[in-house]
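Taking it in order: structure first as structure tokens, then the write-up.
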Amino acid sequence: MNKVSVFLLICLFIIPHFSYAEEIQTRTYEFGVHGNFIFSNNFLSVSEIFSRTVALDVDNLSKGFKFNLGINYSPFFFNYNSQKGWGFGLFTNVEAIGILGFNNNMLSFNEAENEKSDLGGALFASIGIDSFFNYQNFKIKIRPSMYYTLAYLNTDISYTFLNSSDGTKFGINYDMYVYAIFPIVNIHENKFSGKPGIDLNIGVEYPLLKDIDAGLNFINIPIIASKLENYRLLNGRVGGEDTFNILEDGGMNDFINSLGTYNDIVTYGAEYEKIRRPFKMHTYVNWRPLGKDLFFVRPVLGFCHNKLYSKSFSLEAGINTGLNFSNLFIVTAGINYSDRMWINGIGFTINTRAVEINIGADMRSQDFLKSWTGNGIGLDIGFKFGW
């Protein structure tokens, strides 16, 4: 009998007993730590990346190359629940975001004009207040945050490959702004220039029917933008400015030589850049088909606005479900399209009231089919202590 069969057999005998156990009460106060890590791409699976030999399928380049990396870490948070319909808390957080998306036409040398690619990143540190209260039948959550942008990478990359009667025109233009909270020219200079920003999370939930609640979440509503002043700009072009005829004598050499033409210009400066964290809006429904919290289904629909991408707007959606055994053992699973990735995840919560452990894992990718073949992973873990 393999390990998976043993695990399922244990669950078969133990889980039914949870439904008859005394429900674990909500903690009045708690503190803890939480973190997650994500990695995703649409080209290679994790096993292929770490393999000694990698077989590349160049046909996959017709879909472009997309890569995401992220770390989100809360080293400390505290919550107080009055048990009277209101509560508050404090939290700290550090978040790192990195994206890369090469255009499919550029990778396949297809004809195109000013096709955009994505390259960006950000590093944020924040501190904020959690609060919730009830107003009539509404459950309301408000979470203001003050955040610092520690580093920020913003780029503009465009690809052009056109054939005309005058010849062929090829070029990749790029502008890369790297902002930092410290002077980039002299990193040892003790002079910080960043200014904090303020954004706001708001959540509202209302019972539509006896066993159905509807909710609406606004994430990172911009109030005051964070600012960074020091920057390093790298701009230039790959390819020549002039057209060439690839069919004429020496035309192929002209094309090959143009690929090695780089015109890099590096400049440093100090000019404030306003930086806002990605904004999201989600609406959802919590449905309890059995009439109690044992089993729930939660569809989600919304959108995201993220200026790190050349096309800042994207839709988000998902379907999630879970089993809650007396708040002692909770299992959740879902398929979501979020942050431009397909995410297939499962999570476990073990709660003894004094201690709560949350563990989650997922497979993900920018391509739906590859989100099931290990092209990306997400790991999530958190601990809560209190009473």
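The values are calculated or read from the model by the stated rules, or taken from the named source; none is laboratory data. Remember, it's a predicted structure, so these values are computed and weren't measured experimentally. Ideal geometry is used to build each Cβ from the backbone, glycine not excepted, and the neighbour counts take in all protein chains shown.
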Those residues of the stretch 354-370 which are modelled with pLDDT of 95 or more and charged (D, E, K, R), in sequence order: Glu356, Asp362, Arg364
Tell me, which strands (runs of 3 or more DSSP E) wholly within the stretch 91-193 include 1 or more residues that are within 21 Å of Phe37 (Cα to Cα)? 112-135, 138-164
Among the residues of the stretch 291-301, is any acidic (Asp, Glu), assigned to a strand (DSSP E or B), farther than 25 Å from Val33 by Cβ and free of Cβ contacts under 8 Å to residues at least 40 places away in the same chain? no
So, of the residues in the stretch 336-376 that are crowded, with 17+ Cβ neighbours inside 10 Å and hydrophobic (A, V, I, L, M, F, W, C), which turns out to be farthest from the chain's Cα centre (by Cα)? Met363
Mind listing just one residue for me: the one in the stretch 83-113 that is closer than 27 Å to Leu150 by Cα and among the aromatic types (Phe, Trp, Tyr) and, of those, modelled with the lowest pLDDT? Phe102
Is there a residue being surrounded by 18 or more Cβ atoms within 10 Å (Cβ to Cβ), assigned to a strand (DSSP E or B) and aliphatic (A, V, I, L, M) anywhere in the stretch 61-79? no
Scanning the stretch 303-322 for residues that are assigned to a strand (DSSP E or B) and either of a type in the set (S, T, N, Q) or in contact (Cβ under 8 Å) with a residue 60 or more places away in the chain (or both), the one nearest to Asn103 (Cα to Cα) turns out to be Ser314
Scanning for something within 22 Å of Ile157 (Cβ to Cβ) and either touching a helix residue (DSSP H, G or I) at 6+ places or on another chain (Cβ under 6 Å) or at pLDDT 85 or above (or both), does the stretch 279-302 turn up at least one residue? no
For the stretch 329-353, give me each residue that is modelled with pLDDT of 95 or more and outside any strand (DSSP E or B). Asp339, Arg340
Would you pick out the residues in the stretch 154-167 that are touching a residue at least 12 places away in the same chain (Cβ under 8 Å) and either surrounded by fewer than 19 Cβ atoms within 10 Å (Cβ to Cβ) or at positive phi (or both)? Asn154, Asp156, Thr160, Leu162, Asn163, Ser164, Asp166, Gly167
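Restricting attention to the stretch 197-244, which residues are closer than 16 Å to Arg143 by Cβ and modelled with pLDDT under 95? Steps first, please.
Just the residues of the stretch 197-244 that are closer than 16 Å to Arg143 by Cβ, to begin with: 197-205, 215-224.
If the condition is that a residue be closer than 16 Å to Arg143 by Cβ and modelled with pLDDT under 95, then no residue fits.
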Right, Phe37: surrounded by 15 or more Cβ atoms within 10 Å (Cβ to Cβ), outside any helix (DSSP H, G or I) and modelled with pLDDT of 95 or more or not? yes
